[in-house]
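The next block holds one structure in the form of structure tokens; read it before the comments.
What follows draws every value from the coordinates through simple rules; no lab data is involved. Everything numeric in this text was worked out from a predicted model, so none of it was measured. Ideal geometry is used to build each Cβ from the backbone, glycine not excepted, and the neighbour counts take in all protein chains shown.
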Amino acid sequence: DTAVSQTPKYLVTQMGNDKSIKCEQNLGHDTMYWYKQDSKKFLKIMFSYNNKELIINETVPNRFSPKSPDKAHLNLHINSLELGDSAVYFCASSQGGLAGGYYEQYFGPGTRLTVT
Amino acid sequence: AQSVAQPEDQVNVAEGNPLTVKCTYSVSGNPYLFWYVQYPNRGLQFLLKYITGDNLVKGSYGFEAEFNKSQTSFHLKKPSALVSDSALYFCAVRDDSGAGSYQLTFGKGTKLSVIP
């Protein structure tokens, strides 16, 4: 059973397009995250949702919009894609929200986004 | 602000030898410390964590880490390296005081190569 799944695994698109990445977790966790991993493998938090509410929103262009329809899903929509958006995007989940900082996070397999 | 440093971009070790991957951290309060491993084209996998208590933490695949508060370090260790341990290792920290906005901050990663 896949704990944290993402679709699609690969996404190739042209500049200016709009795309979405979907994430689902079946672990029963109440907190979900989006991370961006750049070409140098540096990993940076983008967003965090706890019980469908946004709790972390790092300095990310407003072209990126997360949406959590329920606790098990956190999707990422990107408008007007730019070359610099090319990266691997990871979804993750954990227990605990703000008070549960000691819980480990479980990561999805990643979505490799290439903008041409 | 919270931060974590992994001073080595790459560590090479012969199979069967002990390995150490270094990590130091900086937080305002007390740290929650984590190690994750990333295999090529995969998501991050949780290895172990330090929350409180015993300074020596044991985790998955025979890995362990030692928390040293005076040196603000959390080095990852394994007594006998396997070729299959070759991967990218990330140290991460979260400040229990909330000074880091409750987010998990990752180091830049250390590539471990175990030579047969």
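Taking into account only those residues within the range B:13-55 that are in contact with a Phe, Trp or Tyr (Cβ under 8 Å, 6 or more places away or on another chain), more than 8 Å from chain A (Cβ to nearest Cβ) and of a type in the set (A, V, I, L, M), which is surrounded by the fewest Cβ atoms within 10 Å (Cβ to Cβ)?
Ranking the candidates gives B:48 first.
Restricting attention to the range A:27-34, does a residue exist that is of a type in the set (S, T, N, Q) and out of contact with any Asp or Glu (no Cβ under 9 Å at 6 or more places or on another chain)?
yes
Can you tell me how many residues in the range B:57-93 are within 17 Å of residue B:4 (Cβ to Cβ), crowded, with 20+ Cβ neighbours inside 10 Å and either touching a Pro at 6+ places or on another chain (Cβ under 7 Å) or among the β-branched types (Val, Ile, Thr) (or both)?
2
Which of the residues belonging to the range A:1-58 are polar (S, T, N, Q), part of a loop (DSSP other than H, G, I, E, B) and out of contact with any helix residue (DSSP H, G or I) (no Cβ under 9 Å at 6 or more places or on another chain)?
Once the filter is applied, which keeps residues that are polar (S, T, N, Q), part of a loop (DSSP other than H, G, I, E, B) and out of contact with any helix residue (DSSP H, G or I) (no Cβ under 9 Å at 6 or more places or on another chain), the range A:1-58 yields A:2, A:14, A:17, A:26, A:39.
Can you tell which of B:80, B:70, B:84, B:28 is in contact (Cβ under 8 Å) with a residue 60 or more places away in the chain, of a type in the set (S, T, N, Q) and out of contact with any Leu (no Cβ under 9 Å at 6 or more places or on another chain)?
After ruling out the rest, the residue left standing is B:28.
For residue A:78, work out the one condition from (1) within 14 Å of the chain's Cα centre (by Cα); (2) buried (at least 19 other Cβ atoms within 10 Å of the Cβ); (3) closer than 23 Å to residue A:104 by Cβ it doesn't fulfil.
(3)
If you check residue A:35 against the conditions, is it in contact (Cβ under 8 Å) with a residue 40 or more places away in the chain and among the aromatic types (Phe, Trp, Tyr)? Don't jump to the end; show me each part of the working.
Details: in contact (Cβ under 8 Å) with a residue 40 or more places away in the chain: yes; among the aromatic types (Phe, Trp, Tyr): yes.
Considered against the rule, which asks whether it is in contact (Cβ under 8 Å) with a residue 40 or more places away in the chain and among the aromatic types (Phe, Trp, Tyr), residue A:35 comes out as yes.
Within the range A:37-60, take every residue that is among the β-branched types (Val, Ile, Thr) and at the interface with another protein chain (Cβ under 8 Å from one of its Cβ atoms) and give me the one that is farthest from residue B:106 (Cα to Cα).
Only one residue tops the list, namely A:55.
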